[in-house]
Amino acid sequence: FKMCPGRVLCKLPCSGEKEVDLAVQSAKAAFKIWSQMSGMERCRVMLEAARIIREQREEIATMETINNGKSIFEARVDIDISWQCLEYYAGLAGSLAGEHIQLPGGSFGYTRREPLGVCVGIGAWNYPFQIACWKSGPALACGNAMVFKPSPFTPISVVRLAEIFTEAGVPKGLFNVVQGGAATGQFLCQHPDVAKISFTGSVPTGMKIMEMAAKGIKPVTLELGGKSPLIIFSDSDLDNAVKGALMANFLTQGEVCCNGTRVFVERKILDTFTKEVVKCTQKIKIGDPLLEDTRMGALINRPHLNRVQGFIKQAKEQGAEVLCGGDLYVPDDPKLKNGYYMRPCVLGNCKDDMTCVKEEIFGPVMAILPFDTEEEVVERANATKFGLAGGVFTRDIQKAHRVVAALKAGMCFINNYNVSPVELPFGGYKSSGFGRENGRAAIEYYSQLKTVCVEMGDVDSVF
C-alpha cells in the first residue's frame, strides 16, 4: 500500500444476491460448530486473534490510515481499542450463564443464554477496523457467526480482520466479509437466515434498515448520527476545556458520530475560551497522515469534502462568523496535492436555529454558542432530534452530575470527551439509535434467553 490521495486505491466487486447467500450459508455452517464450543474454547480463539492484532499493530494501523485518511497516530489508537475489545469479550465468553430458580415442591426452572445465529454487521467508513471488532467481539463471544459489510469507501482493513480470525482458529466462514453498497446491504437485511442486524451509519439509512428488519422480525442495533452538546462552565479548568473541545470536534477530521460540535460556553468566559480554542485549532498539523507529527489527515472523499464546505458557506450566509479555518488545504508535498484536505474550522456568532448548529456536518467544524444559566443550557442542549453524546466541563462535581443526568444522551463525558473504553456501553437516545455496543450490555443484544420449567411431581392439571 502507498498513500495516493485522490487516486483509486483498489477495486473490489460488489457482492450480489448470490454472493451474499453464499456468505450467509457459510456462516450458518460455521455457527453450528462455534455455538457448540464452550465459552472457554471460544475465549482462547478470540485471545489469539487479539494477540495477532496486537503483534501486527503497526501494519494494520498503516493499512487503516491509507484506507481512511486519518493520522497514523489515531489509527494506532483504533487498533489498540480493537484488540482490547476482543480481549474483553474473550474474557466474558466463559462467564456467560443463565440462572437457576427454585419452585415449589422440588420443581425448578432455569434460563439458558443462547446465541442468535448468523448476525450481520454493517460498518461505517470513519472507524472501519474498530467498528468491525466492536460488532464481532460480543457476537462471537456469545457463540454467533457474523457476515460483515464494510463501507464501500473503506473496504480493505476488515478483510485483514477476517484473515486474522481464520489464523486464530475460528471455523471457516464464521466471520465473512461481503463488499458493496446499499444493494448488498439490502440483500443482507432481507436474507431469511440472518438473525440480527447491527448497523453504524446515518439516520436515513438506519431507518431503512429498521424497516427491512421489521419485515423479518429481526432485532437491530442502530448506532446513528449525532449533534452532541459540549457544555463549558466558567468554573472549568480552561486549558482542559479547550483540549476537550478539540478532542470533541477534530478527531478523524471531525468525522465522528458522537462529536460535541455544539460547544456551549458560559458567557463570562466566552471571549477567553474562544480566543484560546482558535489559537490551538490553528496549530493543528495537517498533511500526510503517515507522518508521525500529523494530527489531521484527509477527509474521506471529494463529495464529502464538498458537503462540509457547503455547510460552512451556508453558515456564513446565515450570519455565523468563521473565526479560523474552513478553507481547503493544499500540502506542500506534490504527491498530496489531490488530497481531500481542509483546515479545521471554528464558527462564532452562532445561533441555535442555524443549519450548522442543527444538522450533523461530520467534518472538522466547531460551532460556539454562549449561554448564561445552567437551566437554559440544558434546555438548549436537549433541543435536538439526536441524543448520542454530551459533555460537561466544570470543577463543580455536583453540577457536573446534575447536568449529565438531565442530558438526553446515551454517552456522557465529565471533564473529558471522546473517550471510549471497551468496558463501557456505547449508544444513543432518540434518533441516534438504540441498542448498545461495548460493555456487558452488548451481550444482551447478541444473545437470547430461553426459559426451562422442570416439574418434579405430577402435572397439576385443571382438566
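The values are calculated or read from the model by the stated rules, or taken from the named source; none is laboratory data. This one's a predicted model, so the numbers in the text were calculated from it and none came from an experiment. Ideal geometry is used to build each Cβ from the backbone, glycine not excepted, and the neighbour counts take in all protein chains shown. Note: areas computed on protein heavy atoms with side chains; ligands, DNA, RNA excluded. Shrake-Rupley method; radii C 1.70, N 1.55, O 1.52, S 1.80 Å.
In this structure, the amide hydrogen of PHE148, modeled 1.01 Å from its nitrogen in the peptide plane, lies closer than 5 angstrom to those of GLY121, ASN176, VAL177, VAL178, counting only residues at least 5 positions away or on a different chain. To the nearest ten degrees, helix 270-282 and the longest principal axis of the Cα atoms of the chain are 80 degrees apart. Scoring 198-209, 337-348 by mean Cβ neighbours within 10 Å over their residues and listing the highest first yields 337-348, 198-209.
Pairs of Cα atoms under 8 Å, at least six residues apart: use those to get the relative contact order of the chain, whole percent.
It comes to 19 percent, rounded to a whole number.
The trypsin sites (Lys or Arg not before Pro) of region 99-173 that DSSP puts in a loop, and whose beta carbon has at most 13 other beta carbons within 10 Å, are LYS172. Modelled spin labels at CYS453 and ASN382, positioned 7 Å past Cα toward Cβ, are 4.1 nm from each other.
When the Cα centres of region 80-133 and region 135-170 are compared, how far apart do they sit, in Å? Region 80-133 and region 135-170 have Cα centres separated by 16 Å. Taking the DSSP beta bridges with both ends in region 229-414, the antiparallel portion is around 15 percent. Ignoring aspartates and glutamates fewer than eight residues from LYS450 along the same chain, the ones with Cα atoms less than 16 angstrom from its Cα are GLU99, GLU114.
The residues of the chain present an accessible area of 43 Å² per residue when probed at 1.4 Å with all protein chains retained.
Rounded to a whole number, what % of the accessible area of the chain do carbon and sulfur atoms account for, probe 1.4 Å?
Taking all protein chains in place, the chain shows 55 percent carbon and sulfur surface.
The simple Förster model, with R0 at 30 Å and r as the Cβ-Cβ distance, assigns ILE284 and ALA406 a FRET efficiency of 0.40. Taking a sphere under 12 Å around the Cβ of GLU376 and counting the other residues whose Cβ falls inside, with K and R at +1 and D and E at -1, yields a net charge of -4. Taking a sphere under 15 Å around the Cβ of PRO152 and counting the other residues whose Cβ falls inside, with K and R at +1 and D and E at -1, yields a net charge of +2. Helical runs assigned H by DSSP (4 residues or longer) give the chain a calculated mean residue ellipticity at 222 nm of -12500 deg cm²/dmol, each run adding -39500 (n - 2.57) before division by the residue total. From the alpha carbon centroid of region 177-251 to that of region 395-412 is 23 Å. Label zone (LEU238, point 7 Å along Cα-to-C-beta; backbone nitrogen cut-off 16 Å) within region 272-288: 272-281. Across the chain, the longest piece that holds none of the GluC sites (Glu not before Pro) lying in DSSP loops with up to 16 other C-beta atoms within 10 Å covers 100-291. Helix 57-68 against the longest principal axis of the chain: what's the angle in degrees, Cα atoms only, rounded to the nearest 10? For 57-68 against the chain, the angle is about 60 degrees. Between ALA441 and ALA29, the contour length at 0.36 nm per residue exceeds the alpha carbon distance by 145.6 nm.
Taking 0.36 nm per residue of separation and subtracting the Cα-Cα distance, full extension of the segment from ALA183 to VAL419 would add 81.6 nm.
Measuring between alpha carbons in the structure, the pairs from LYS149/LYS285; LYS149/LYS337; LYS218/LYS430 lying more than 22 angstrom apart are LYS149/LYS285; LYS149/LYS337. Of all aspartates and glutamates in the structure, the ones whose alpha carbon falls short of 12 Å from that of LYS28, not counting any fewer than 8 places away in one chain, are ASP193. In the chain, the DSSP beta bridges split such that about 35 percent are antiparallel, to the nearest 5. Partner aspartates and glutamates whose Cα lies under 12 Å from the Cα of LYS335, excluding those fewer than 8 positions away in the same chain, are identified as ASP288.
Compared with the dominant principal axis of the Cα atoms in the chain, helix 397-406 is inclined by about 70°.
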